[in-house]
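Trainee: Input: one structure, supplied below.
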Amino acid sequence: MLALNYRGPGRVRVSEKPMPEILHPNDAIIRVTRSCICGSDLHLYHGLVPDTRVGSTFGHEFIGVVEEVGPLVQKLKVGDNVLVPFNIACGECAFCKQGLYGNCHESNAQATAVGAIFGYSHTAGGYDGGQAEYVRVPYADVGPTVIPEGMDHDDALLLTDVVPTGYQAAEMGGIKTGDTVVVFGAGPVGIMAAKCAWLFGAGRVIVIDHIEYRLEFVKNYAQCEAYNFRSIGDVVLFLKKTTDWFGADVCIDAVGADASGSALQTITGKKLLLQAGSATALHWAINSVKKGGIVSVVGVYGPTDNLVPIGNVLNKGLTIRANQASVKRLLPRLIEHIQAGRLDPKGIITHRVPLEEAADAYRIFNNKLDNCIKTVLLPSAK
């Protein structure tokens, strides 16, 4: 089969790899019909996440058709169209039973933090991902969800990560009616976080980025304010001034390790790798939120350490909430939002590229070319 093949920082290609096989009675084999390139994939692409091994296949956002099931699988049958959450979760451990599917204790048993994720580094279990023609899906009775009748498959695709992550970013912010919410990052997750903030009652939503076409997109898609941090001077001072010097009620870091905006953070976190990526957005979030406010973090950082102003967190009395989105927990309400027309996930898709051209798609997405917001890869396997 054809699959993306990671060859080292900044280098991917599509090549032949062995077909996946049923390795456990609860496995399923999925023929991928659509997959996405995610901003989190760029952290891998840039070599910012430890133990990202040459030969890995990325891709944690995909949907497809069930081709084969293990003998113990009961909820799926061959031919089902399914969306597959990016979390690999057993459904039975203490954390899954709390709805913390992103922290499953069984799928990534040697880790003490994150559970397993499709197509991520070996710190997330080392499972091959869905930027391929076929993929093995463990715990097939837990994660994979049959796509509801009549749902657009592009909407279903974005339910595997982007929509749940943006929604959970807003949810973790504890947004109250009338709150001012600041989202750092106008990538797909930041765009969705801004859109979802309104569902929780936000009175004002502000997005900060530095790519003009992304700012224009989020302003139109999420009906929010959008500012280029290169044009407003000191970001924290600007946000304090525009909130009557109180600060925002909620700040959301939807950028993570690849953040721009600070020479020190860029050099130490992205060039020299002395910390787990550039924490610029996290600094801005902590320093821009009001005293007693909430900082919600969904931007991905590589383990283990970052330079963050923890003293400000203490002295301001902040609450920080962070996690990988628990997709399975959120799916019922998100499906309802889509069916009611409150969310239009497919509206952020700008590019559709054959899987064979994935290397070029990464180049376009990474370099912010051609007004790219979200790219869908289309495998040709029948």
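Trainee: Consider the stretch 17-57. How many of its residues are more than 30 Å from Asp258 (Cα to Cα) and either open to solvent by 40 Å² or more (accessible area, probe 1.4 Å) or not in a strand (DSSP E or B) (or both)?
Mentor: 11
Trainee: Another question, then. Just one of Val142, Val84 is modelled with pLDDT of 95 or more, within 24 Å of Ile338 (Cα to Cα), surrounded by 20 or more Cβ atoms within 10 Å (Cβ to Cβ) and more than 19 Å from the chain's Cα centre (by Cα); which is it?
Mentor: Val142
Trainee: So the check is Cβ under 7 Å with 6+ separation or different chains; which pairs have a first residue in the stretch 215-235 that's without any contact (Cβ under 8 Å) to a residue 40 or more places away in the chain and closer than 21 Å to Gly203 by Cα and a second one that's of a type in the set (Lys, Arg) and open to solvent by less than 50 Å² (accessible area, probe 1.4 Å)?
Mentor: Matching pairs, first to second residue: Ala222/Lys195.
Trainee: Filter the stretch 97-114 down to the residues that are without any contact (Cβ under 8 Å) to a residue 40 or more places away in the chain, over 20 Å from Arg136 (Cα atoms) and crowded, with 17+ Cβ neighbours inside 10 Å and list them by number.
Mentor: Ala111
Trainee: If you don't mind, another one. If you check every pair at least six apart or on different chains, which have Cβ atoms under 6 Å apart with a residue in the stretch 118-138 that is within 16 Å of Val49 (Cβ to Cβ) first and a residue that is open to solvent by 30 Å² or more (accessible area, probe 1.4 Å) and among the hydroxyl-bearing types (Ser, Thr, Tyr) second?
Mentor: Within 6 Å, the pairs are Phe118/Tyr127.
Trainee: Any residue that is part of a helix (DSSP H, G or I), open to solvent by 40 Å² or more (accessible area, probe 1.4 Å) and modelled with pLDDT of 95 or more - is there at least one of those in the stretch 154-168?
Mentor: So far as the stretch 154-168 goes, no, none of its residues is part of a helix (DSSP H, G or I), open to solvent by 40 Å² or more (accessible area, probe 1.4 Å) and modelled with pLDDT of 95 or more.
Trainee: Here's something else I'd like to know. So for the stretch 41-59 (the condition being free of Cβ contacts under 8 Å to residues at least 40 places away in the same chain, within 23 Å of Thr375 (Cβ to Cβ) and either touching a strand residue (DSSP E or B) at 6+ places or on another chain (Cβ under 6 Å) or β-branched (Val, Ile, Thr) (or both)), does at least one residue qualify?
Mentor: Among the residues of the stretch 41-59, not one is free of Cβ contacts under 8 Å to residues at least 40 places away in the same chain, within 23 Å of Thr375 (Cβ to Cβ) and either touching a strand residue (DSSP E or B) at 6+ places or on another chain (Cβ under 6 Å) or β-branched (Val, Ile, Thr) (or both), which makes the answer no.
The values are calculated or read from the model by the stated rules, or taken from the named source; none is laboratory data. Model, not experiment: these values are computed from the prediction. For neighbour counting, all protein chains shown are included, and Cβ atoms are generated from backbone atoms with ideal geometry for every residue, glycine included. All accessible areas refer to the heavy atoms of the entire protein, side chains included, with ligands and DNA or RNA removed. Shrake-Rupley method; radii C 1.70, N 1.55, O 1.52, S 1.80 Å.
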